[in-house]
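A.B. asks: This is the structure, below, for whatever I ask next.
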Amino acid sequence: MEKRLRLAPSPTGLFHIGTARTALFNWLYAQKIGGKFLIRIEDTDFLRSKSEYTENILEGLKWLGLKWDEEPIKQSDRISTHKSYIKKLLECGAAYRCFTTEDEISELRNEQKKKGLPPKHDNRHRSLSKKEIETFIAQGRTSVIRFKIDENIEIKWADQIRGEIQWQGKDLGGDLVLSRRAEGYEIGDPLYNLAVVVDDNFMNITHVVRGEDHISNTAKQILIYKALNFNLPTFSHTPLILNNEGKKLSKRDCVTSIDEFRDMGYLPEALSNYMAFLGWSPKSADGEILSLEKISEIFDLSDINKAGAKFSWEKLNWINSQYIKNMASKKLSEIMKKYWDDNAWVPPSQEWGYKLAILLRDSMILLKDAIDQSKPFFLIPKIQKEGQDFLENNDSEASLKLILNYLTEQNIIKLDREKAKEIINEISKIHNVKKGILMKSLRVAFFGSLSGPDLIQSWELLSEIKTDKFRIERCIKST
Ligand code: GLU
């Protein structure tokens, strides 16, 4: 039988990292077992669902490289089917009309609260006679459809992540509401637990992998599967992603939507690599920098932890920096070019752009770092306090003069890194100046401070755009 997994996002907000990680686990497992990965957009909350959120979710999945195998299904297109199944449940006596009013429900809640009991419906309309139903309708009462839940039933399933899970019927809050309120003999809009079962069955889903916040829903859904005579899929409940305080990661933790990660300069490969390890501990893996294809080969649901997974910026940043470090210069410089274009910085040649990408990729954590780190190559930076202090305290003017004279005397217009090294070595030998002083003085001249990328490679690049001499000269004048 074909193995089929799905992501069933509700388009009520931007693509959240929690949903993205659920998608990733589904996708990885589908690859691993040679199954299909499908999408169902659960857009039946008409007030909160928006088509731009659907687009955002699909775009985010594409960006992360999580391709789906069939045209996504929209739950809102299937409402009449959902209703026909509710009708079936009504007809076979597994469900019934409940006319309890909102006021009566709050009254019941208040009484339960006083007694310290959890909210639970008392199933008061389970066995209404036809006459009683007609009287309620004549009174203008609206009704929901409730699915009968046997108090004494025990629901068990073998969760692929958590092992055996058991629920008691009495702990499910009373008979389950399947549809919203409607007038007369109408059936109102179907609710989540019914729709999800009907749609998972329709899509022939064999494996449901979703967040642990759905565990009690699974217990309810299993009862609906059974009442409708549907084949049960296997269920797996993934741990939540937690913040530093051990609470569910939320908007308050700053960044949660996939867009924001992209805009901050995370690479999709790095983010999905990081997310895979967020709650998954493989028995054996060749390090932690692994492509999705590699991960899917060793991925198994049973290696997902039960405990919540703490989100770590440090780890994500490290993984991102590794991907940038290992990126081909052409690809990286194409990404960097977007930032250069935004700032109207024009590299003299494509080759120069590649070299700058190679030079900077070791020190970049986020793609956006390309802005600050490239800037001193395009705009001459001011000499900062630490640079000024160094120049004043180390007789740097003399060192820089020696370098400038060398360049002038030898008529060096453009140099490569070999030549740059040679110049430093020669001046150091001939004039008995420490190489360290020569290099640091040059660094201040080039970058205005004592930090920055590899000096020799930087010199080659600055020489190519003919700004090295000027940068040296300005320090000689200013000291
Ligand atoms: N629409 C539900 C959610 O976004 C999906 C639950 C499920 O996967 O069944 O939480």
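A.B. asks: Report, ordered by the first and then the second residue, all pairs with beta carbons closer than 9 Å, sequence separation of six or more or different chains, a first member in region 177-195 that is at positive phi, and a second member that is among the hydrophobic types (A, V, I, L, M, F, W, C) and more than 15 Å from the ligand (Cβ to nearest atom).
C.D. replies: Hits for this filter: GLY184/ILE137.
A.B. asks: Taking only pairs six or more apart or across chains, which ones have beta-carbon atoms under 6 Å, a first residue in region 294-309 that is assigned to a loop (DSSP other than H, G, I, E, B), and a second residue that is among the charged types (D, E, K, R)?
C.D. replies: PHE299/LYS32; LYS306/ARG162
A.B. asks: Looking at SER458, SER463, SER449, which one is of a type in the set (S, T, N, Q), buried (at least 17 other Cβ atoms within 10 Å of the Cβ) and either touching a Ser or Thr at 6+ places or on another chain (Cβ under 6 Å) or over 14 Å from LEU359 (Cβ atoms) (or both)?
C.D. replies: SER449
A.B. asks: If you take just the helices (runs of 4 or more DSSP H) that sit entirely in region 366-475, which of them hold at least 2 residues that are in contact (Cβ under 8 Å) with a residue 24 or more places away in the chain and small (Gly, Ala, Ser)?
C.D. replies: In region 366-475, 369-378, 396-409, 435-447, 455-464 are the helices (runs of 4 or more DSSP H) which contain 2 or more residues that are in contact (Cβ under 8 Å) with a residue 24 or more places away in the chain and small (Gly, Ala, Ser).
A.B. asks: Taking region 343-363 on its own, how many of its residues are among the acidic types (Asp, Glu) and in contact (Cβ under 8 Å) with a residue 24 or more places away in the chain?
C.D. replies: Qualifying residue count for the region: 1.
A.B. asks: Give the residues of region 46-61 that are touching a helix residue (DSSP H, G or I) at 6+ places or on another chain (Cβ under 9 Å) and within 21 Å of LEU24 (Cα to Cα), sorted by residue number.
C.D. replies: ASN56, ILE57, GLU59, GLY60, LEU61
A.B. asks: Is it the case that some residue within region 201-214 is of a type in the set (A, V, I, L, M, F, W, C), within 16 Å of the ligand (Cβ to nearest atom), more than 20 Å from GLU42 (Cα to Cα) and at pLDDT 95 or above?
C.D. replies: no
A.B. asks: Within region 76-96, is there a residue that is farther than 26 Å from LYS148 by Cα and either surrounded by fewer than 19 Cβ atoms within 10 Å (Cβ to Cβ) or touching a residue at least 12 places away in the same chain (Cβ under 8 Å) (or both)?
C.D. replies: yes
A.B. asks: Of all the residues that make up region 283-310, how many are more than 19 Å from HIS207 (Cβ to Cβ) and either of a type outside the set (D, E, K, R) or surrounded by 14 or more Cβ atoms within 10 Å (Cβ to Cβ) (or both)?
C.D. replies: The total comes to 12.
A.B. asks: Would you say GLY287 is in contact (Cβ under 8 Å) with a residue 60 or more places away in the chain and on the phi > 0 side of the Ramachandran plot?
C.D. replies: No, not satisfied.
A.B. asks: Starting from residues that are of a type in the set (S, T, N, Q) and either within 13 Å of the ligand (Cβ to nearest atom) or not in a helix (DSSP H, G or I) (or both), keep the ones in region 19-58 and report whichever is nearest to ARG78 (Cα to Cα).
C.D. replies: THR44
The values are calculated or read from the model by the stated rules, or taken from the named source; none is laboratory data. As the structure is a prediction and not an experimental result, all values here were calculated from the model. All Cβ positions, even for glycine, are placed from backbone atoms using ideal geometry, and neighbour counts span all protein chains on display.
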